[in-house]
Amino acid sequence: MLKNKIKLLLIFAHIVIVFSIPNFPQNTDSLFNSELYPFIVDSINLNGNKTTENFIILRELNFSIGDTLTKQNSIYNRERVYSLGIFNQVYFIPTIVDTIRILTIEVEEGWYIYPVPIIQAKENDLNKLSYGMFLRIKNFRGRNEDLTAAIVLGYDPTYYLSYYNPNIIGKENLFIGFTISYSDISNKSPAAEEVYGSSFSQRVIGPQLTMGKRFGLFNRLYINSGYSYIETPIYVAGVNASDDRIDNLVNVGIGFQHDTRDLIQFPKDGIYSSLIYTAKGLGFDDINYSVAWIDFREYRKLFDRLVGKWRFASRFTFGEDVPYYDDSIIGTDEKIRGHYFEKFEGNDYYITSLEFYYPIIEELNVDLTFIPLIPDELLSYRIGFYTQIFAETGMAKYKYEPFAINRFNSGYGLGITFLLLPYSVFRFDVAFDEQFNSQFIFDLGISF
């Protein structure tokens, strides 16, 4: 009884904090206080992009010369440029020089080469420790290309190399991505472990290619293809997709993405939706099944800086002989807070989430370039501090199981989020399940 009272007190205290703590002073630029808005743009001037090509910035803007720019739209476009993830700071500065209305977009470029050591407890289990080195070259050639290599040892050893180019041909808005990897992946399917009789790993090797086109600012259509060599120590029906312990899995897919979010690293406004369909096997080695994903998210500013967001996501498999390694599992990539360390498995899953967050520090630009020896590009940050409450529910089911509300697993709770942009987002949540059992969650990145 005392335990439940403490939890209720914790929730009440969190709600009081959300609506009673005053905001810390913000370090804002002229974007927020200029009296020149609405502003007819006669000229656009770019400053600070010593490495980045001009078109990388300009292709993110939803206005051009001759358009009228409002204060709100200026804020939105500033966040779009920041979402590129290659700048420490972005400023939109309107000025008038000899009756010419000039919008200056001033950027502060970040550090683009990241050799980072990796230490990670997989599935939040210290007995499943991975370690290694991660090397990422961002904004390669000043065109926002991304080149990444990694060597990961310990649990789930992995080696991979990836390349992404957001615009390979002039104004055609064509993009391409390529990944090749080698890994020994521990089985993530509880059903497979039960059939196999023990825990096991599978060796997975193969390339993946994605090519597509961006239509306008917000829509992307792409195709993907690849091959995976999947080797299991011994053959077990269902654990393997073919009639052998080695699966030669070919995949071809198509995807569509609509994304109007303002700041991708921490959205406050906009819609994100994604549809993906992938055919796997294509009859080779008698493997033939497919997988589809749906993801819809909406972000809205409500009142007094309170932001609400909600999400619906689902994954479906089609075919008679879908292997366990391609089952739809909640508890791996997708999780339900309150059941964060549990796994729910089936052919399909359904997840929905609702969250409200409120800033304690909405935005604070920090400049530590007075520190000697360390490059200036590593000493400038955009900091934010938010508090949130959330609720989410989800279910995984096999085809033969009913779709029933009482089969959903739900959680709710509260937490805090710390933004250290452009580098990372840190999140700490206290979550409760249906029986009010609590769990503490520390994670990187936003919830959705």
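Before we move on, is ALA192 without any contact (Cβ under 8 Å) to a residue 24 or more places away in the chain, open to solvent by less than 50 Å² (accessible area, probe 1.4 Å) and either of a type in the set (A, V, I, L, M) or out of contact with any strand residue (DSSP E or B) (no Cβ under 8 Å at 6 or more places or on another chain) (or both)? No, not satisfied.
Here region 116-126 is the region considered, the condition is being loosely packed, with under 12 Cβ neighbours inside 10 Å and modelled with pLDDT of 80 or more, and the residue that is nearest to GLY154 (Cα to Cα) is ILE119.
Taking the criterion of being exposed (fewer than 15 other Cβ atoms within 10 Å of the Cβ) and not hydrophobic (A, V, I, L, M, F, W, C), the residues of region 408-437 that qualify are SER424, GLU434, GLN435, ASN437. Based on what the data block shows, is ASP376 farther than 15 Å from ILE361 by Cα, touching a Ser or Thr at 6+ places or on another chain (Cβ under 7 Å) and not β-branched (Val, Ile, Thr)? In short, yes. For region 90-107, name all the residues that are out of contact with any Asp or Glu (no Cβ under 8 Å at 6 or more places or on another chain), surrounded by fewer than 19 Cβ atoms within 10 Å (Cβ to Cβ) and either assigned to a strand (DSSP E or B) or β-branched (Val, Ile, Thr) (or both). Answer for region 90-107, where residues must be out of contact with any Asp or Glu (no Cβ under 8 Å at 6 or more places or on another chain), surrounded by fewer than 19 Cβ atoms within 10 Å (Cβ to Cβ) and either assigned to a strand (DSSP E or B) or β-branched (Val, Ile, Thr) (or both): THR95, ILE96, VAL97, THR99, THR104, GLU106. Condition check: within 16 Å of LEU263 (Cα to Cα) and either open to solvent by less than 20 Å² (accessible area, probe 1.4 Å) or in contact with a Ser or Thr (Cβ under 9 Å, 6 or more places away or on another chain) (or both). Does LEU84 satisfy that? Considered against the rule, which asks whether it is within 16 Å of LEU263 (Cα to Cα) and either open to solvent by less than 20 Å² (accessible area, probe 1.4 Å) or in contact with a Ser or Thr (Cβ under 9 Å, 6 or more places away or on another chain) (or both), LEU84 comes out as yes.
Candidates are the residues of region 143-160 that are among the acidic types (Asp, Glu) and in a strand (DSSP E or B); the one that is least open to solvent (accessible area, probe 1.4 Å) is GLU145. Between LEU69, LEU46, the distinction of being open to solvent by less than 50 Å² (accessible area, probe 1.4 Å), modelled with pLDDT of 95 or more and either farther than 30 Å from MET133 by Cβ or basic (Lys, Arg) (or both) belongs to LEU46 only. For beta carbons closer than 6 Å, sequence separation of 6+ or different chains, a first residue in region 109-133 that is under 30 Å from LEU46 (Cβ atoms) and a second that is assigned to a strand (DSSP E or B) and open to solvent by 30 Å² or more (accessible area, probe 1.4 Å), the qualifying pairs are ILE113/ILE137; TYR114/ARG136; PRO115/LEU135; VAL116/PHE134. Within the option set TYR155, TYR164, being of a type in the set (Phe, Trp, Tyr) and under 15 Å from TYR112 (Cβ atoms) holds for one residue only, TYR164.
Looking at SER64 and the list (1) hydroxyl-bearing (Ser, Thr, Tyr); (2) within 13 Å of LEU217 (Cβ to Cβ); (3) surrounded by 14 or more Cβ atoms within 10 Å (Cβ to Cβ), which single condition is not satisfied? So SER64 meets the others, but not (3). Scanning region 388-407 for residues that are of a type in the set (Phe, Trp, Tyr) and buried (at least 18 other Cβ atoms within 10 Å of the Cβ) returns a single hit, PHE390.
Within region 128-142, if we keep just the residues that are charged (D, E, K, R) and part of a strand (DSSP E or B), the residue that is farthest from PRO166 (Cα to Cα) turns out to be ARG136. I need the full set of residues from region 206-228 which are aromatic (Phe, Trp, Tyr) and surrounded by 14 or more Cβ atoms within 10 Å (Cβ to Cβ), in order please. Those that are aromatic (Phe, Trp, Tyr) and surrounded by 14 or more Cβ atoms within 10 Å (Cβ to Cβ): PHE218, TYR222, TYR227. Evaluating ILE137 against the criteria (1) closer than 27 Å to ASP326 by Cβ; (2) surrounded by 15 or more Cβ atoms within 10 Å (Cβ to Cβ) leaves one unmet condition, (1).
Inspect region 408-416 for any residue being part of a strand (DSSP E or B) and within 17 Å of the chain's Cα centre (by Cα) and give the result as yes or no. No; the residues of region 408-416 include none that is part of a strand (DSSP E or B) and within 17 Å of the chain's Cα centre (by Cα). Would you call THR352 of a type in the set (S, T, N, Q) and either touching a Cys at 6+ places or on another chain (Cβ under 9 Å) or within 30 Å of TYR325 (Cβ to Cβ) (or both)? So THR352 passes the test.
Scoring GLY255 on the criteria (1) modelled with pLDDT of 95 or more; (2) surrounded by fewer than 19 Cβ atoms within 10 Å (Cβ to Cβ); (3) on the phi > 0 side of the Ramachandran plot; (4) of a type in the set (Gly, Ala, Ser) leaves a single failure, condition (3). Applying the criterion of being modelled with pLDDT under 95 and surrounded by 15 or more Cβ atoms within 10 Å (Cβ to Cβ) to the residues of region 167-181, the residue that is farthest from PHE218 (Cα to Cα) is ASN167.
The values are calculated or read from the model by the stated rules, or taken from the named source; none is laboratory data. What you are looking at is a predicted structure, and each value in this text was computed from that prediction instead of being measured. Ideal geometry is used to build each Cβ from the backbone, glycine not excepted, and the neighbour counts take in all protein chains shown. Side chains are part of the model used for accessible areas, which takes the heavy atoms of the whole protein and leaves out ligands, DNA and RNA. Shrake-Rupley method; radii C 1.70, N 1.55, O 1.52, S 1.80 Å.
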